[in-house]
1. Which of the residues belonging to the stretch 186-200 are without any contact (Cβ under 8 Å) to a residue 40 or more places away in the chain, within 12 Å of the ligand (Cβ to nearest atom) and not β-branched (V, I, T)?
2. T84 passes all but one of (1) touching a strand residue (DSSP E or B) at 6+ places or on another chain (Cβ under 9 Å); (2) touching a residue at least 12 places away in the same chain (Cβ under 8 Å); which number fails?
3. Pick out, from the stretch 76-183, the helices (runs of 4 or more DSSP H) lying fully within it that include 2 or more residues that are open to solvent by 40 Å² or more (accessible area, probe 1.4 Å) and modelled with pLDDT of 95 or more.
4. Select from the stretch 230-248 the residues that are more than 25 Å from the chain's Cα centre (by Cα) and modelled with pLDDT of 95 or more and list them in ascending order.
5. For the subset of the stretch 36-47 comprising residues that are among the hydrophobic types (A, V, I, L, M, F, W, C) and within 10 Å of the ligand (Cβ to nearest atom), which member is nearest to R104 (Cα to Cα)?
6. I'm checking my understanding of the structure. Among residues of the stretch 17-58 that are more than 19 Å from the chain's Cα centre (by Cα) and over 30 Å from T72 (Cβ atoms), which one is least open to solvent (accessible area, probe 1.4 Å)?
7. Counting only residues that are buried (at least 16 other Cβ atoms within 10 Å of the Cβ), give me the strands (runs of 3 or more DSSP E) lying completely in the stretch 201-309 with at least 2 of them.
8. Would you check if there is a residue in the stretch 272-280 being farther than 16 Å from A124 by Cβ, modelled with pLDDT of 95 or more and either of a type outside the set (S, T, Y) or away from the ligand (no atom under 16 Å from the Cβ) (or both)?
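The values are calculated or read from the model by the stated rules, or taken from the named source; none is laboratory data. Because the structure is a prediction, the values reported are computed rather than measured. With ideal geometry, Cβ positions are generated from the backbone for all residues, glycine too; neighbour counts draw on all protein chains shown. Accessible surface areas use protein heavy atoms only, side chains included; no ligands, DNA or RNA. Shrake-Rupley method; radii C 1.70, N 1.55, O 1.52, S 1.80 Å.
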Amino acid sequence: MKMKTARIHAFGDASVIRYDDVPRPRPCSGEVLVRVAATSFNPTEAALRAGLLQAFLPVDLSFTLGWDVAGTVAEIGPGTEGFTVGDRVVGRLEGAGAAADYVRAPGALLVPAPAFVPLTRAAALPVAGLTAWQEVFEHGKVVAGQRVLVNGAGGGVGGFVTQLAKHAGAEVIATAGARSDQAVRRHGADHVIDYTAGPVADALDDPVDTLLNLVPLTSRDAAALAAAVRPGGRIVSIATPVEPPADAGVRAMHMVARNDVAHLTALVELVDAGTVALDISASHPLTDLADVHRLSEAGRIRGKVVIIP
Ligand SMILES: NC(=O)c1ccc[n+]([C@@H]2O[C@H](COP(=O)([O-])OP(=O)(O)OC[C@H]3O[C@@H](n4cnc5c(N)ncnc54)[C@H](OP(=O)(O)O)[C@@H]3O)[C@@H](O)[C@H]2O)c1
């Protein structure tokens, strides 16, 4: 049986994305076959498509896109335990592949999907949610009462970072442009700085305990933001490394998110409890994926975008 995929056979601009019919895979030992309800777009995927990640995240071509998956279990591989056909699942796939009607997935990477949101929305959660969880809790060590600056709160990761920092009890200062101002406030930001109006550091009246950086920065902007962190504070960046002056007494790190089903399960629970909302700005059919890449590269995407096969 055939299925539709969005994949690349070469690195390059968004035109390298092809919508190919391929044989539907069969799950191997330890895997299930997921009928994909949705995947979501993550900008790192555009970098991968352009060939910019080959040095540290090499992939073989042809490569089917789509790290996030939400769907239902359609078939269970030999020896795979803990699943029933029809189970609703979400996960972050190590080798991508969810930009397709079906994808094989190791059972160990999947968790039960949120019960109270449609699968077509739940696909927004794994990559961005896991990144945010690890930035806020694991590396940022955000706790109640801290002043936290979330730089880039309007993006797919930023929506989760803002909500998780608020959930931890922090006072959140978020940077956002006009188009994301309302969403960022809905996510609980106590103060919003319009990053398009001037240097963010100039708009801060007091130092912050923690800087969570989610956007590429010039070295000048990075230095100005780093200087806004009090001695003893922390900086965690998922984009440009942000280094404080040597004698500032500030711990700084650049992080790369990883799969962790305990973290993903905790996120699912927060979504089901209504504590964390999914900030989905658009939904597109699979055959629009190249256009979604172009929109992202033109800076025209905010929040999360889900892709429906
Ligand atoms: N290290 C890791 O493990 C990891 C994991 C996931 C993502 N990433 C990277 O982290 C970054 C964020 O990911 P994402 O999915 O959130 O991206 P995204 O959704 O594409 O982020 C877009 C948002 O960035 C905001 N933005 C752009 N320039 C800004 C600036 N100068 N100051 C403040 N906000 C700005 C815009 O906000 P407005 O709408 O307010 O204009 C826009 O909504 C990307 O570079 C991605 O590749 C890294």
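1. The initial filter retains those residues of the stretch 186-200 that are without any contact (Cβ under 8 Å) to a residue 40 or more places away in the chain, namely 188-194, 196-199.
Still in the list and also within 12 Å of the ligand (Cβ to nearest atom): 189, 192-194, 196-199.
The answer is A189, D194, A197, G198, P199.
2. For T84, the failing item is (2).
3. Numbers: elements: 119-122, 126-133, 156-167.
In the stretch 76-183, 119-122, 156-167 are the helices (runs of 4 or more DSSP H) which contain 2 or more residues that are open to solvent by 40 Å² or more (accessible area, probe 1.4 Å) and modelled with pLDDT of 95 or more.
4. Quick first cut of the stretch 230-248, residues more than 25 Å from the chain's Cα centre (by Cα) only: 230-232, 244-248.
R230, P231, G232 - these are the residues of the stretch 230-248 that are more than 25 Å from the chain's Cα centre (by Cα) and modelled with pLDDT of 95 or more.
5. F41
6. We begin by selecting, within the stretch 17-58, every residue more than 19 Å from the chain's Cα centre (by Cα); these are 17-35, 51, 54-55, 58.
Retained after the next criterion (residues that are over 30 Å from T72 (Cβ atoms)): 51, 54-55, 58.
On the way: G51: 25, Q54: 63, A55: 98, P58: 93 Å².
Going through the qualifying residues, I end up with G51.
7. Because the criterion is at least 2 residues that are buried (at least 16 other Cβ atoms within 10 Å of the Cβ), the strands (runs of 3 or more DSSP E) in the stretch 201-309 that meet it are 208-213, 229-237, 280-285, 304-308.
8. Taking the stretch 272-280 as the starting set, the residues that turn out to be farther than 16 Å from A124 by Cβ are 273.
In the following step, the residues that additionally are modelled with pLDDT of 95 or more were identified as 273.
From what's left, either of a type outside the set (S, T, Y) or away from the ligand (no atom under 16 Å from the Cβ) (or both): 273.
Yes, that holds for at least one residue.
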